[in-house]
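**Student:** Okay, handing you the structure first.
The values are calculated or read from the model by the stated rules, or taken from the named source; none is laboratory data. Keep in mind it's a predicted model, so treat the numbers as computed, not measured. Here Cβ is always computed from backbone atoms with ideal geometry, including for glycine, and neighbour counts include all displayed protein chains.
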Amino acid sequence: MAAPKVSVIVPVYNTEKYLEQCITSITSQTLREIEIIIVDDGSQEECAVLCDLLAKTDDRIRVIHKENAGPGFARNTGIEAANGEYIGFVDSDDYIKPQMYDTLYNAALKNNADLVVAGISFVGGNTFGKSGEYQEKHYFDKEILFKKDDIKKLLLGVVGALPHEPDDSRYGVSTCKNLFKRSVITDKKIKFLSERKVMSEDAIFMVDFIKQIDKAVGIQGAFYCYRRNDESFSKSYRSDRFSMVQSFIAEIENHIKDVCKPEEYCLYLNRLIQGYGRILCSQEIVHAKDEKIKYSILLGRLKMICKSQMISTALKDYPWYRLPKKQAAFAFAMKYKLYFLQKLMVLFRAR
């Protein structure tokens, strides 16, 4: 039997509510020569049994049961078991459009590319959105080839963006919307870190992978449907989120500084930092409103974020006035410690 063209790795942890829709969207792919590796990451019995039942519906599905260690390590387990020429990742509470892997795989073959980067569809709102919202994010309006001399541009565009660009990351950090050459991952021993160690294991994996390749292609279209549920970064509140962001920024800088000089990456990284600062402050304000927390307590949380070395350094010489208007206004408020203005802007948008 010929090796599959694409191995699709699906880490699962107690997501039985969405799992069947997720797996059906993969088995319904127009590219039939795929294998589907479900990695049950120590789910409770109901979800673990569902994984096995779904495997009986299609002989391309394999299930690996393991002790819980988080989605990053579950993906690593899937990579070790994969046989495909390329690897794709799908989170078990998301789903994909029928032509996704057909489109990405053919783009990889056409360009002899190690990486294919596509857009993403968001299902559900962010901090200020409503649950029924749907948004497509297209990173490319035409096919763009990144050869050896252009790879650094792709790397920087994953880490962040220039001030005038619309998003805090030019090409997005999600691995799930993309397609990866398996031999690069295995030969270079690229692995996902634990999300218990670093907040965005996807971003670190993307950086480590791009550092090892000579050719990538960006394509039109948004095929991956990311479900913004209550645990999504843009929606959920955690009191330790700020320290998690600090650790993540230090980690991602550590992974890029061996291939980029500070004068090359600082503007991109600072864009990402101020973006996280905006989200963190917004979450604090919305959380204080919802939980009826005293303004004095909220003020202390906002001061902790805006006066931190990470935010202060990022905004010190940053051309915040070149950002999109709403982002520029919030960056101005963070830079000059205008906490009440931050609150007014967030609550006005959240109405």
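**Student:** Among VAL184, VAL217, which is the only one that is surrounded by fewer than 21 Cβ atoms within 10 Å (Cβ to Cβ) and β-branched (Val, Ile, Thr)?
**Tutor:** VAL184
**Student:** ASP102 fails exactly one of the following numbered conditions: (1) charged (D, E, K, R); (2) assigned to a loop (DSSP other than H, G, I, E, B); (3) modelled with pLDDT of 95 or more; (4) closer than 29 Å to GLN21 by Cβ. What is the number of that condition?
**Tutor:** Result: ASP102 passes all but (2).
**Student:** Report every pair of residues separated by at least 6 positions or lying on different chains whose Cβ atoms are under 7 Å apart, first residue within region 1-17 and more than 17 Å from LEU50 (Cβ to Cβ), second polar (S, T, N, Q).
**Tutor:** ALA3/ASN83; PRO4/ASN83; SER7/ASN83
**Student:** If you don't mind, another one. Inside region 304-325, can you point out the residues that are free of Cβ contacts under 8 Å to residues at least 40 places away in the same chain and in contact with a helix residue (DSSP H, G or I) (Cβ under 7 Å, 6 or more places away or on another chain)?
**Tutor:** Matches in region 304-325: CYS306, ILE311, TYR321.
**Student:** Now for a separate question. Confirm whether GLY157 is touching a residue at least 12 places away in the same chain (Cβ under 8 Å) and on the phi > 0 side of the Ramachandran plot.
**Tutor:** So GLY157 does not fit the description; no.
**Student:** Determine which single condition LEU302 fails, assuming it passes every other condition in (1) under 21 Å from ALA329 (Cα atoms); (2) under 17 Å from the mean Cα position of the chain (by Cα).
**Tutor:** Answer for LEU302: the failing condition is (2).
**Student:** Restricted to region 169-220, and to residues that are at pLDDT 95 or above and acidic (Asp, Glu), which residue is nearest to CYS266 (Cα to Cα)?
**Tutor:** ASP208
**Student:** Report the residue count in region 61-86 for those that are charged (D, E, K, R) and either touching a Ser or Thr at 6+ places or on another chain (Cβ under 7 Å) or not assigned by TED's automatic domain parsing to the domain that holds ASP41 (or both).
**Tutor:** 1
**Student:** Further question on the same structure: Being in contact with a strand residue (DSSP E or B) (Cβ under 9 Å, 6 or more places away or on another chain), modelled with pLDDT of 95 or more and under 26 Å from ARG196 (Cα atoms): is that true of ILE61 here?
**Tutor:** Criteria not met by ILE61.
**Student:** Name, by its number, the condition in (1) part of a strand (DSSP E or B); (2) closer than 30 Å to ASP317 by Cβ that does not hold for PHE180.
**Tutor:** In the conditions (1) part of a strand (DSSP E or B); (2) closer than 30 Å to ASP317 by Cβ, PHE180 misses (2) alone.
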